[in-house]
Every structure is written in structure tokens, then in C-alpha cells.
Amino acid sequence: MSEVLERLGEVLEARKNADPESSYVAKLYDKGLDAILKKIGEEATETVMAAKDGVPEKIIYETADLWFHSLVLLAHQGLKPQDVLDELDRRFGLSGLEEKARRDR
Ligand SMILES: N=c1c2ncn([C@@H]3O[C@H](COP(=O)(O)OP(=O)(O)OP(=O)(O)O)[C@@H](O)[C@H]3O)c2ncn1[C@@H]1O[C@H](COP(=O)(O)O)[C@@H](O)[C@H]1O
């Protein structure tokens, strides 16, 4: 699973040097942080609406859009998908209450 994220992360990194006219991602970088954040907000809303509709294909499609734009944000901020996977991995095995206690410390 993480191999897809890793490969996509590499493409997103490479798009930093691409012509905005040639690539959706390069165009989004060119528009800047606020444009990326706006897309994440839109995709989050579309994911919520898909879940309310309860159609599995729509939920998958919109969640993919949301994840994709979150990956664009990570790349824009100089972060990698692996950084988030490492964080999830670190949390794995902790109960929700243990994780909350760690945050509250
Ligand atoms: N996975 C994706 C991907 N998912 C979604 N999208 C884009 O995100 C948009 C989703 O936004 P919306 O649903 O709001 O649709 P829209 O109205 O067309 O969006 P806007 O143009 O208004 O922003 C789609 O139109 C796609 O352009 C993606 N664009 C690119 N990728 C991956 O990123 C790689 C690099 O893309 P390019 O930079 O375009 O080469 C590709 O090879 C793919 O692997």
C-alpha cells in the first residue's frame, strides 16, 4: 500500500520543477498554499457528502481526491507520505486513551 504513496510522493516532488501549464500539480503549487488548502477543504466536504449519500464508489473516489490533495500539501511543505505513515505506525497499538494521554502531556 505504501508503495503507491511513495511513488506518488516522488511524482509530486518532481512536479516542483514542472511548467504550471503542463501539470495540474505544478499549477496548484504555482497558485500557492491557500489554493491547496482550499482544495483540501472542498474535497473534505465532498467526502462528507459522499458518505451521507452512502454510495461506496463515491466515498472511495472522493476520499482518493482528499488523500491526493493532502499529499500535495505535504510535498508543498517539504514533507513526505512516509512521515505520516511513520506517525500512524507509531500510534498503532496504542489505545485511543493512551494516545490522548500522550497528547495531553
Ligand atoms: N491522483 C491524482 C489526482 N486526483 C485528483 N486529481 C486532480 O484533482 C482534481 C479534483 O478536483 P475536483 O474534483 O474539484 O475537479 P475539478 O473541478 O476538475 O478541479 P479544479 O480544476 O477546479 O481544481 C481533478 O480534476 C484532477 O485534476 C489528480 N491529479 C493528479 N493525480 C496524480 O498526480 C500525478 C501528477 O499529476 P499532473 O501534475 O497533472 O501530471 C498524476 O500522474 C496522478 O498520479
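Checking each residue in segment 1-26 for being open to solvent by 30 Å² or more (accessible area, probe 1.4 Å) and within 8 Å of the ligand (Cβ to nearest atom) picks out LEU8, VAL11, ARG15, ALA18, SER22, TYR24.
So, in segment 39-52, of the ones that are free of Cβ contacts under 8 Å to residues at least 24 places away in the same chain and touching a helix residue (DSSP H, G or I) at 6+ places or on another chain (Cβ under 8 Å), which residue ends up farthest from the ligand (Cβ to nearest atom)?
Just the residues of segment 39-52 that are free of Cβ contacts under 8 Å to residues at least 24 places away in the same chain, to begin with: 41-42, 44-52.
Now drop any that are not touching a helix residue (DSSP H, G or I) at 6+ places or on another chain (Cβ under 8 Å), which leaves 44, 46-47, 49-51.
Details: ALA44: 12, GLU46: 7, THR47: 11, MET49: 12, ALA50: 11, ALA51: 16 Å.
My answer is ALA51.
Only one of LEU79, LEU37, LEU88, LEU73 is exposed (fewer than 12 other Cβ atoms within 10 Å of the Cβ), out of contact with any Ser or Thr (no Cβ under 7 Å at 6 or more places or on another chain) and of a type outside the set (D, E, K, R); which?
On the way: LEU79 fails: exposed (fewer than 12 other Cβ atoms within 10 Å of the Cβ); LEU37 fails: exposed (fewer than 12 other Cβ atoms within 10 Å of the Cβ); LEU73 fails: exposed (fewer than 12 other Cβ atoms within 10 Å of the Cβ).
Selected residue: LEU88, the only one of LEU79, LEU37, LEU88, LEU73 that is exposed (fewer than 12 other Cβ atoms within 10 Å of the Cβ), out of contact with any Ser or Thr (no Cβ under 7 Å at 6 or more places or on another chain) and of a type outside the set (D, E, K, R).
Restricting attention to segment 1-18, does a residue exist that is part of a loop (DSSP other than H, G, I, E, B) and under 24 Å from ASP89 (Cβ atoms)? Explain how you work it out, then say what you get.
First pass over segment 1-18, keeping only residues part of a loop (DSSP other than H, G, I, E, B): 1, 18.
Still in the list and also under 24 Å from ASP89 (Cβ atoms): 1.
Taking every residue of segment 1-18 in turn, at least one turns out to be part of a loop (DSSP other than H, G, I, E, B) and under 24 Å from ASP89 (Cβ atoms).
Of the numbered criteria (1) touching a His at 6+ places or on another chain (Cβ under 8 Å); (2) more than 12 Å from the ligand (Cβ to nearest atom); (3) not aliphatic (A, V, I, L, M), the one SER95 fails is (1).
So which of ILE60, ILE36 is in contact with a Leu (Cβ under 7 Å, 6 or more places away or on another chain) and either in a loop (DSSP other than H, G, I, E, B) or within 14 Å of the ligand (Cβ to nearest atom) (or both)?
Numbers: ILE60 fails: in contact with a Leu (Cβ under 7 Å, 6 or more places away or on another chain).
Matching residue, one of ILE60, ILE36: ILE36.
How many residues does segment 40-56 contain that are assigned to a helix (DSSP H, G or I) and open to solvent by less than 50 Å² (accessible area, probe 1.4 Å)? The number of residues fulfilling the criteria is 6.
The values are calculated or read from the model by the stated rules, or taken from the named source; none is laboratory data. As the structure is a prediction and not an experimental result, all values here were calculated from the model. Using ideal geometry, Cβ is built from the backbone for each residue, glycine included, and neighbour counts are taken over all protein chains shown. For the accessible areas, the whole protein counts, side chains as well, though only heavy atoms, and no ligand, DNA or RNA atoms are used. Shrake-Rupley method; radii C 1.70, N 1.55, O 1.52, S 1.80 Å.
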